Amino acid sequence: MADQTAGEPSPDQRSGQANPSGSPIPFRRAHVGGKPPRRRIIVAGAGIGGLTAALALERAGFSVQVLERSQQSGEVGAGIQISPNAWRVLDALGVTPFVEEKASKPQAIQVNSVRSGGAVARIPLGREALKRFGAPYCVFHRADLHNGLMQAAESRPFIEINRGLALADGVEDEDGITVEMHGETGVSSSRAEALIGADGVWSTVRRRLLRLPSADYAGRVAYRATIPVENAPELANYTGLWMGKDAHLIHYPIASGRQINLVAVVDDDWREENWSAPADQEEVLSHYAGWPLAVRKLLERPESWLKWALCDIGPGTIWAEGRIALLGDAAHAMLPFMAQGGAMAIEDAWVLARCLADEPDVDEALMEYERKRKQRVERVVRSARDNARTYHMKGVMALARDTGIRYLGGQRLLSRYDWLYKWQPE
Ligand SMILES: Cc1cc2nc3c(=O)[nH]c(=O)nc-3n(C[C@H](O)[C@H](O)[C@H](O)COP(=O)(O)OP(=O)(O)OC[C@H]3O[C@@H](n4cnc5c(N)ncnc54)[C@H](O)[C@@H]3O)c2cc1C
């Protein structure tokens, strides 16, 4: 994508398109000579997907208004793995200098089975991943990644981020879309050529504007916690996966190796639309009765836990209609067992910007974006569902699974992800 940055923004390009008077500001302005004003896009949601979309769109020549419902980042107390396919996009968008220092690069993924009583494979990462995929496999504290994206976006002249403004509604007409926003100062409106719904798994754009069904609860709950690395120094350099009956556990280092992130996933039907419901240790441990002592001891270490009801969106629903498109979890929330929800949002952002830059007809561009992304993302969604079954197997099924994993070995297990991690932004 060519960088079409067209010098400093004019005052009216930056003048808070959120118009408190309620009357929409036209986005096409007359211009005399010089470069035409940038085409304007509104992005709802300043999560990983929304911020990456803003950066990609700005780089492709658009001016972008990002609406974020919260005043502060909601990315607290947990980690996120960023695989090479996503890292390449962050690199191309100039984000990596903002986050590189905070990345940890685990040397391997150690796969353990409760049924087999310990390690069944060690999948090399670190240098091996870099050599194989041409980009590193990193893990972050979510807040570090999010802050880096925010700083990168705030450093760009044609991105305007409005915190504390929730997208509430939108009406399309022949040459644009007018959106309604709710904030502390009341209701306001803004206008653009297109609206991108990057507003997460419980998306307003998805449910209210596109009238699509909500994501489905998956009958799984993820408990998340972090501990200082001093409490578990033996876990500082690698990612661990423990698979067992009706549950699994993942741990990896985050925050430049200063903390260990724990994600304990269990079969459970608890439901709540909340990122950060508190949970107590007894509740977590009750799902791990009979597990190896080392695992139970690890689960006893965090002082607090948060829980999150897992959801996904099955194949078959649309992502784009008219001047509205969905991106990231709003389009394709997935189970986290491929560690790819954020990565797919990052890839989406790149492809979306490319489609809008290449095709002047907005409806056509957004449909092309959906066509280009869907097959790959649906493969990831299906793979995550397969892993959900595999990780929680019991009895002879678990033994057969462990034999298969041992037979394949770390190198071949890694090569099974070539299709995913070798993806390149065009
Ligand atoms: C346990 C767990 C582990 C995971 N691990 C990984 C991993 O290792 N690697 C990976 O790539 N992915 C992982 N994921 C998935 C990843 O977290 C998500 O896919 C990713 O955060 C989605 O980003 P998003 O920008 O689409 O949505 P979100 O991060 O949910 O951001 C949406 C934003 O929109 C805002 N918003 C909501 N409604 C409105 C509105 N009406 N108006 C304005 N703003 C609004 C929200 O406040 C929020 O800031 C994991 C998920 C879970 C649950």
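The values are calculated or read from the model by the stated rules, or taken from the named source; none is laboratory data. Just so we're clear, the structure is a prediction, and the values are computed from it rather than from any experiment. Don't worry about glycine lacking a Cβ; one is built from the backbone with ideal geometry, like all the others, and counts go over all protein chains shown.
Structure summary
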item: Residue check, Glu370 touching a residue at least 24 places away in the same chain (Cβ under 8 Å) and assigned to a helix (DSSP H, G or I); result: yes
item: Sole exception among (1) in contact with a helix residue (DSSP H, G or I) (Cβ under 9 Å, 6 or more places away or on another chain); (2) of a type outside the set (A, V, I, L, M, F, W, C); (3) surrounded by fewer than 23 Cβ atoms within 10 Å (Cβ to Cβ) for His332, by number; result: (3)
item: Residue satisfying all of: in region 155-182; within 13 Å of the ligand (Cβ to nearest atom) and more than 19 Å from Leu51 (Cβ to Cβ); surrounded by the most Cβ atoms within 10 Å (Cβ to Cβ) among these; result: Gly170
item: Count - residues of region 270-317 that are charged (D, E, K, R), under 27 Å from Leu235 (Cβ atoms) and within 15 Å of the ligand (Cβ to nearest atom); result: 1
item: Residue check for Ser188: at pLDDT 95 or above, surrounded by 16 or more Cβ atoms within 10 Å (Cβ to Cβ), under 20 Å from the mean Cα position of the chain (by Cα) and among the hydroxyl-bearing types (Ser, Thr, Tyr); result: no
item: One residue from Gly290, Gly244 being more than 23 Å from Val139 (Cα to Cα) and buried (at least 23 other Cβ atoms within 10 Å of the Cβ); result: Gly244
item: So Ser70, is it within 16 Å of the ligand (Cβ to nearest atom), polar (S, T, N, Q) and surrounded by 18 or more Cβ atoms within 10 Å (Cβ to Cβ); result: no
item: Selected residue [over 23 Å from Asn237 (Cα atoms) and within 16 Å of the ligand (Cβ to nearest atom)] from Ala152, Ala135, Ala143; result: Ala152
item: Tally, over region 154-182, of residues that are in contact (Cβ under 8 Å) with a residue 60 or more places away in the chain and not basic (Lys, Arg); result: 18
item: Failed item in (1) in a strand (DSSP E or B); (2) within 9 Å of the ligand (Cβ to nearest atom); (3) among the charged types (D, E, K, R), with Asp348 passing the rest; result: (1)
